[in-house]
1. To the nearest 20 debye, what is the magnitude of the charge dipole of the range 50-117 about its Cα centre, counting +1 on the Cβ of each Lys and Arg and -1 on the Cβ of each Asp and Glu?
2. Tabulate in residue order the Karplus-calculated ³J(HN,Hα) for the range 25-35, using 6.51 cos²θ - 1.76 cosθ + 1.60 with θ = phi - 60°, rounded to whole Hz; enter x for Gly and Pro.
3. With the contact rule set at Cα under 8 Å and sequence spacing of 6 or more, what percent relative contact order holds for the range 42-117?
4. Could you state the number of Å between the C-alpha centres of the range 42-75 and the range 95-117?
5. For a quick check: with amide H placed at 1.01 Å from N, whose amide H comes under 5 Å from Y33's, ignoring anything fewer than 5 positions away on the same chain?
6. Q73 to S29: extension gain in nm, 0.36 nm per residue of separation minus the Cα-Cα distance?
7. Apply the Karplus curve 6.51 cos²θ - 1.76 cosθ + 1.60, θ = phi - 60°, to the phi angles in the range 72-81 and return the couplings in whole Hz, x for Gly and Pro.
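Each value in this text was obtained by applying a stated rule to the coordinates, not by laboratory testing. Note that the coordinates shown come from a computational prediction; the quantities given were computed from them, not determined experimentally. No Cβ is skipped: glycine too gets one built from the backbone with ideal geometry, and neighbour counts run over all protein chains shown.
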Amino acid sequence: LFISTTFHTAETMTTETPPLSPYGLFSGSLFQYHRNLVAFESGHQSNTNKLILIGGLSDGLIPTPYTKHLDKQCKQLGWSLVQPILSSSYLGFGNGDLARDTKEIGYLLEYLKCHHS
């Protein structure tokens, strides 16, 4: 697999390095917790203590500027940080309701209880 980092514009053709994420880099596992729903877990994944970070409105992964700080604190405490993607994340915002969000968070909790504890 080859991914080119050459970006072409109408004005010029240049080779540029894309910027690093301003919110930091994360290492962890992406897992499916229900049909088309996934979550990302970083930190001490084998530990039963987990902090679930759910962004607001259209947010998905890494929803806040302090997400990396939470990740670091979780690691220091021996916890993991779990960031679910709900149906209402990203472009799904406004296409559901709180009842669906609640149900999907319930699926995540059940999955973590059964498979990540």
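1. Values: 7 positive and 6 negative charges, 60 e Å.
For this selection, approximately 280 debye.
2. 3J(HN,Hα) across the range 25-35, in whole Hz: 9, 10, 10, x, 10, 9, 9, 8, 9, 6, 3.
3. Working: 96 pairs, mean separation 28.6, N = 76.
Relative contact order here is 38 percent.
4. 16
5. Correct list: V38, A39.
6. Details: separation 44, 0.36 × 44 = 15.84 nm, distance 1.79 nm.
Roughly 14.0 nm would be gained on extension.
7. 5, 5, 4, 4, 5, 8, x, 9, 10, 10
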